[in-house]
Protein chains: 2
Amino acid sequence: MVDILHRIGIEGSTAEQVYEAITTIDGLSGWWTERTTGATGLRDVIAFRFKDDGFDMNVAELEPGRRVLWEVVGGPEEWIGTRIHWDLRQEGDYTVVLFEHEGWREPVEFMHHCSTKWGSFLMSLKQLLETGKGAPFPHDVHIDNWG
Amino acid sequence: MVDILHRIGIEGSTAEQVYEAITTIDGLSGWWTERTTGATGLRDVIAFRFKDDGFDMNVAELEPGRRVLWEVVGGPEEWIGTRIHWDLRQEGDYTVVLFEHEGWREPVEFMHHCSTKWGSFLMSLKQLLETGKGAPFPHDVHIDNWG
């Protein structure tokens with residue numbers, strides 16, 4: 001098993017504000033993909049869509065202002081059954097986000113791509129909260145010839 | 001053992017041009033840190049410096065236009081003995097860079113930070129080649145309260 005790890009710090013936002021940006025359709029649409037639908041309560045499924053593909057996440061844990069866990073129930077074969085952990089905590093004027101996308105079976109080339117792309121979308125989350133404007137799909141930053 | 005993985009695609013550059021940006025002091029100074037010194041031949045040591053810290057890399061493999069391997073011989077305790085792999089290949093109008101920083105002993109919080117920061121510096125490498133201007137230290141993009 002191999003994991004994708006990231007850490008960002010969001011300046012001037014509370015952990016509650018960051019939590020809202022990852023647990024509401026409005027928030028998620030502002031930094032990951034404008035094509036976000038579904039429901040965001042415990043055991044609900046959130047549907048994230050891009051050009052021709054997407055991911056469905058089962059909301060497996062919700063601890064307001066502290067922690068979110070998604071289980072991937074739809075999407076590319078490599079993603080199914082993997083889990084995405086969000087851990088939040090305040091550190092001075094920052095909310096620190098520890099991110100982990102774990103349970104990948106093999107470190108395939110697609111995993112390399114997803115790691116860099118997650119980093120880029122996390123920077124979009126940071127920008128959304130710090131400046132009011134993120135870069136969700138279809139306005140996302142291209143990192144390679146896959147998107 | 002846990003690894004940091006990334007993938008970027010650089011549009012309009014040959015693999016030889018990307019290779020040059022990761023195997024010359026001038027190239028490395030243009031996207032990672034302006035404080036890059038040392039020598040870049042096989043078994044030479046390149047010294048990368050930031051504000052108060054840095055990394056020393058032994059150049060362990062060099063395959064022009066295809067592959068570079070660095071072994072970390074100086075820097076933070078967590079980095080010592082880890083290895084950084086660069087694999088390059090042409091794909092249409094892109095040079096695809098597969099990056100791996102492997103050999104971390106534990107997935108510590110510092111590793112989360114380094115993963116995101118590597119992604120950000122790889123985007124700086126992409127920008128350097130695509131636009132002529134990267135964002136090396138001290139002009140680097142801040143990702144969190146650690147830098």
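The values are calculated or read from the model by the stated rules, or taken from the named source; none is laboratory data. Remember, it's a predicted structure, so these values are computed and weren't measured experimentally. Here Cβ is always computed from backbone atoms with ideal geometry, including for glycine, and neighbour counts include all displayed protein chains. Please note that ligands, DNA and RNA were not included when accessible areas were found on the heavy atoms of the full protein model with its side chains. Shrake-Rupley method; radii C 1.70, N 1.55, O 1.52, S 1.80 Å.
Miscellaneous remarks
- Solvent-accessible surface (1.4 angstrom probe) belonging to residue A:61, in square angstrom, nearest 10: 70 Å²
- The simple spin-label model puts a point 7 Å past each Cα toward its Cβ; for residue A:77 and residue B:89 those points are separated by 1.9 nm.
- Partner aspartates and glutamates for residue B:133 [C-alpha distance under 17 Å; skip if fewer than 8 residues away on the same chain]: B:11, B:20, B:26, B:34
- Cα gyration tensor, the protein assembly as shown - rounded (a/c under 1.5), prolate or oblate: prolate
- 0 to 90° range, to nearest 10: angle between helix A:109-131 axis and chain A longest Cα axis: 20 degrees
- 3J(HN,Hα) couplings calculated from phi for the stretch B:14-21 with the Karplus curve 6.51 cos²θ - 1.76 cosθ + 1.60 (θ = phi - 60°) are, in sequence order, 7, 4, 5, 5, 5, 4, 5, 6 Hz; Gly and Pro show x.
- Label point of residue A:141 set 7 angstrom out along Cα-Cβ; within the stretch A:93-123, amide nitrogens under 13 Å from it belong to A:116-123.
- Considering every alpha-carbon pair of the stretch B:1-90, the percent of pairs per 5 Å bin, from zero through the bin containing the longest distance, is 3, 14, 23, 27, 20, 11, 3, 0.
- Remark: mean inter-chain Cβ contacts per residue of B:94-100 equal 3, using a 10 Å Cβ-Cβ cutoff to other protein chain atoms.
- Three-way shape call for the stretch A:70-113 based on the alpha-carbon gyration tensor, with the a/c threshold at 1.5: prolate
- Under-5 Å amide H pairs with residue B:38, H placed in peptide plane, nonlocal only: B:47
- Per residue of peptide B:109-122, the mean number of Cβ atoms on other chains within 10 Å of the residue Cβ is 6.
- Relative contact order (%) - the stretch B:1-123, alpha-carbon pairs under 8 angstrom, separation at least six: 30 percent
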